[in-house]
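Input: a single structure, listed below in structure tokens.
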Amino acid sequence: MEITSESRRSSRLGRTRRTAALLTAALVAAAGLAFAAPATAATPWVTVQDDGYLRISVPGAAVEEAVGPVSQVVVEGNFGPSHNWAQIGLQRSGANWTATYGPFEPGLYYYQVTGDDSKVLKDASNPTSVASEPEWSTFFIPGESAALLADAPEDAGTIETLTYTSSVENEEREALVWVPPTYTPKGKKLPVLYLQHGGGQSYRDWVEVGRAEQILDNLWLSGQLEDMLVVMGNGNVSDFSAELMDNIVPAVEGAYNVSPSRNKRALAGLSMGGGQTFEVFSELPGEFTAIGTFGAGRFGELDDMPVQKMNDKTDLFRVYVGNATDAAHNDVYDSFQKFDELGLEYQFDGVNPDAGHNWNAWQENLIDFAPRLFTGEASDPAMSEGHTALTERFETPASGTTPTPWISDDGFVTFETTTDFADAEYVSVWANIAPGGSWLRVEMNKVGDRWQTTIGPLDPWFYHYRLIVDRQPVKDASNPTSVTSEPMWSTFLVEGEESRLLTDVPEGQGGGLDVMTYQSTVAGQERSAYVWTPPGYDADRAEPYPLFVLNHGGGQSWTDWVEVGRARQILDNLALDGSIEPMVVVMPNGNVNDYPKELLENVVPTTEQNYNVSSDPHERALAGLSAGGARTLSVMKSQPDQFASIGVFSAGFGSGDGVDVEAINANTDMIRFYIGDITDFVYQGMMTSLATMDSIGLEYEFDGVTPGPHGWDVWQKNLIDFAPRLFQE
């Protein structure tokens with residue numbers, strides 16, 4: 001056997017305990033150091049910005065050189081809800097494929113670049129690698145919640161390579177070994193944790209993706225980890241029990257000064273490795289004093305287990321599992337029923353609500369499990385903070401029996417296609433499920449003659465999506481909702497306190513919603529507008545109602561604020577809460593070449609003929625999103641005495657040349673601007689607008705960014721903030 005060191009071993013032999021302050025130092029050291037591009041790559045393809053935003057720019061030439069011409073490119077990795085695999089779609093911009101996404105939570109991310117669903121390439125600008133997944137690269141986003149995953153602030157343990165002979169596979173193999181700073185070849189013999197990888201992975205994965213080195217270093221430095229060796233062996237064998245006991249353990253005990261006592265050995269593994277761990281536990285009870293299974297639930301035939309020996313000879317058996325998206329979730333539940341029936345003693349860390357069957361979950365499992373080992377004290381059986389009991393299987397309705405998507409009480413959303421795509425090669429669902437409401441694609445799986453996937457948990461909010469079938473957008477025919485301006489879109493609502501204002505009010509308690517038709521002299525045709533009237537609207541009221549005109553964006557229609565903007569629900573709920581003044585809200589068709597004329601000569605006069613609205617400019621408001629925000633500003637600039645309240649959602653002010661600032665300031669009560677974060681393509685223009693408006697002396701309000709992209713999540717929040725500000729004395 002042979003031992004090689006992959007990093008300099010610390011010369012410090014005395015054990016020095018460190019405080020949690022060292023972890024803070026790690027964050028400072030790691031800040032901004034997601035990865036460095038190699039000298040041969042001038043520009044990184046993926047750059048981590050402040051606060052976890054990603055700037056992605058993949059050279060089109062690099063893609064074509066690697067996989068040939070493609071019609072679409074995605075960056076796919078653990079970006080989805082519960083950190084599951086999802087795709088960031090890129091747009092062609094000049095010579096590159098680009099996107100800006102985020103903010104993503106602190107942690108390690110792994111990803112690949114894929115063209116046309118199946119042509120995979122590695123990010124050539126990123127020097128990181130994953131042996132078991134040659135196309136993967138990784139980057140790290142620092143932050144307090146990922147402190148234990150950051151590089152340690154000072155030298156701690158080292159990773160060494162142990163070479164040994166496998167009698168099971170008749171070949172020379174390798175394992176990685178984490179060695180603590182206090183290790184010496186003589187003297188106190190250290191205990192050992194044997195830590196196994198999952199199916200399709202390699203012995204290197206715990207270091208290259210699992211951040212085991214950083215986790216162990218930081219735990220040790222903060223005094224949470226006993227002196228021990230951690231051995232990450234190769235579990236890709238036909239008989240793991242024999243490989244472990246006949247080859248790996250003897251090799252470790254022959255090469256290192258470690259205890260041969262069974263009470264000084266622990267064994268844990270993830271997914272397949274967790275199943276192998278349980279196999280050893282049940283076949284050879286007592287060989288390891290502590291057992292941990294991470295995201296594993298298929299434990300084989302349980303009836304013949306030597307339960308009494310397993311209980312008597314093992315100090316700790318602790319089980320970990322992710323949420324409903326974890327492939328092991330139901331298996332673990334089923335196993336617990338059998339464990340309880342047979343009397344097998346175990347601890348359960350609870351369901352991790354924030355992670356599925358992925359490295360984010362397994363990193364947390366290692367962080368919880370390793371500090372419990374070799375302490376001489378009984379392990380605390382309590383679940384990790386925020387984890388929940390596993391009380392039932394996660395079951396979706398029988399295929400084809402309900403409209404989709406199907407939404408569980410805790411926010412897991414299951415999409416299912418009709419049978420129309422039984423012969424498709426690749427199907428995904430593309431929805432506003434990324435941070436802030438950006439779009440992410442999630443691959444669907446073939447189930448019989450349908451395609452299906454479950455994602456979540458999603459935060460309570462309103463969502464829109466479309467299916468992508470062999471790179472073509474398709475409407476979900478199982479979902480009866482529709483969006484006129486986007487025929488392929490469908491929508492759904494995840495209910496909860498955060499989405500309360502987007503939820504239908506009880507029947508009969510909300511305002512009215514009419515379709516008003518008017519003749520457009522600008523467009524030369526009859527057109528339509530939605531008109532919302534407040535609860536209890538009185539057409540004969542002596543005091544006319546204030547008027548609020550709300551505009552859609554470019555490429556949209558007069559129906560969008562109702563069909564996808566949830567304006568009706570927002571206004572209904574705000575009215576019932578008493579948060580807004582009773583007003584009439586008109587949502588017209590803004591797709592004209594002279595919007596000020598259309599508004600003032602067609603929309604407003606027709607509204608005045610049909611509704612009891614005020615003609616006082618101080619009782620009139622105008623707002624719009626994106627191009628509708630630009631139209632709003634065009635009215636304000638050309639007719640500053642018509643609307644005293646102005647709202648601009650995701651649109652810049654433009655040039656200040658020729659603007660009658662004095663007239664605007666004198667005639668307006670409020671000009672309020674809104675913008676998304678850096679994922680909103682108008683963001684930079686809006687930041688420039690602030691300087692322009694300041695330089696010309698325009699009086700306006702701007703309360704910072706609304707987190708999210710150039711999309712409906714942001715605009716819904718803008719309306720929720722803007723409407724209650726109107727017509728207040």
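Rule-based calculations on the coordinates, nothing more; no lab input. This one's a predicted model, so the numbers in the text were calculated from it and none came from an experiment. Here Cβ is always computed from backbone atoms with ideal geometry, including for glycine, and neighbour counts include all displayed protein chains.
At a glance:
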read-out: About the Cα centre, charge dipole magnitude for region 32-141 (Lys/Arg +1, Asp/Glu -1 at Cβ), debye; value: 140
read-out: Principal semi-axes in Å for region 57-100 [√(5λ), Cα gyration tensor, largest first]; value: 22, 11, 7
read-out: Hypothetical label at T43: residues of region 71-112 whose amide nitrogen lies under 15 Å (7 Å Cα-Cβ projection); value: 91-100
read-out: Gained length - D51 relative to T484, 0.36 nm times residue gap less alpha-carbon distance; value: 152.3 nm
read-out: Three-way shape call for region 491-610 based on the alpha-carbon gyration tensor, with the a/c threshold at 1.5; value: oblate
read-out: Least to most buried among H197, H710 (fewest other Cβ within 10 Å first); value: H710, H197
read-out: Ranked packing of 460-472, 264-276, most packed first, by mean Cβ within 10 Å; value: 264-276, 460-472
read-out: Taking T138, T418 and counting other C-beta atoms within 10 Å, the order from fewest to most; value: T418, T138
read-out: Separation in nanometres of the label points that stand 7 Å from Cα toward Cβ, at S93 and T391; value: 4.7
read-out: Peptides 475-482, 615-622, 691-698 ordered by average Cβ neighbours within 10 Å, highest first; value: 615-622, 475-482, 691-698
read-out: Isotropically averaged projected area of region 462-513, using the convex hull of Cα atoms (one quarter of hull area), nm²; value: 5.1
read-out: Over region 70-195 - Rg/Rh using Cα atoms and the Kirkwood inverse-distance radius; value: 1.09
read-out: The chain - convex hull of alpha carbons, volume per residue in Å³; value: 196
read-out: Principal axis dimensions, largest first and in whole angstrom, of region 550-595 by Cα; value: 38, 20, 10
read-out: All-pairs Cα distance distribution in region 501-725, expressed in whole percent, bin size 10 Å; value: 8, 35, 38, 17, 2, 0
read-out: Computed label-point distance, nm, for sites E495 and E172 using a 7 Å Cα→Cβ extension; value: 6.5
read-out: Radius of gyration and maximum dimension Dmax of region 104-167, Cα, Å; value: 16.0, 45
read-out: Net length gained if the chain between D459 and E64 were fully extended (0.36 nm per residue, minus Cα distance); value: 138.4 nm
read-out: Global form of region 32-141, assessed from the alpha-carbon gyration tensor, a/c cut-off 1.5; value: rounded
read-out: Positive-end residue of T453, L270, L176, charge dipole of the chain with Cβ unit charges; value: L176
read-out: Compactness of region 297-348 as Cα Rg over 2.2 N^0.38 Å, two decimals; value: 1.15
read-out: Computed magnitude of the charge dipole of region 545-663 (debye, nearest 20; Cβ of K, R +1, Cβ of D, E -1); value: 300
read-out: Dipole magnitude of the chain, debye to nearest 20 (Cβ charges: Lys/Arg +1, Asp/Glu -1, about Cα centre); value: 1600
read-out: Gyration tensor (alpha-carbon) shape descriptor, region 406-495, a/c threshold 1.5; value: prolate
read-out: Sites D420 and Q525, calculated FRET efficiency, Cβ-Cβ separation with R0 35 Å, nearest 0.05; value: 0.45
read-out: For region 32-141, with +1 on Lys and Arg beta carbons and -1 on Asp and Glu, the positive-most of T47, F139, V75 along the dipole; value: T47
read-out: Contact order relative to length of region 40-124, as percent, for alpha carbon pairs under 8 angstrom and 6 or more apart; value: 33
read-out: Average Cα contact separation per residue, region 406-495, under 8 Å, 6 or more apart, as relative contact order %; value: 30
read-out: Residue-span extension gain [R725 to K119] - 0.36 nm each, minus C-alpha spacing; value: 213.0 nm
read-out: Region 553-642, Rg to Rh (Cα coordinates; Rh as Kirkwood inverse mean 1/r); value: 0.95
read-out: Residues E105 and T517, FRET efficiency given R0 of 30 Å [Cβ-Cβ distance, rounded to 0.05]; value: 0.05
read-out: Average Cα contact separation per residue, region 501-725, under 8 Å, 6 or more apart, as relative contact order %; value: 18
read-out: Farthest positive-ward along the chain dipole, Cα basis, beta-carbon charges - from A644, V586, G654; value: G654
read-out: 14 Å Cα cut-off, lysine pairs counted over the chain (separation 8 or more, or different chains); value: 4
read-out: Degrees between helix 212-221 axis and first principal axis of the chain (Cα, 0 to 90, nearest 10); value: 80
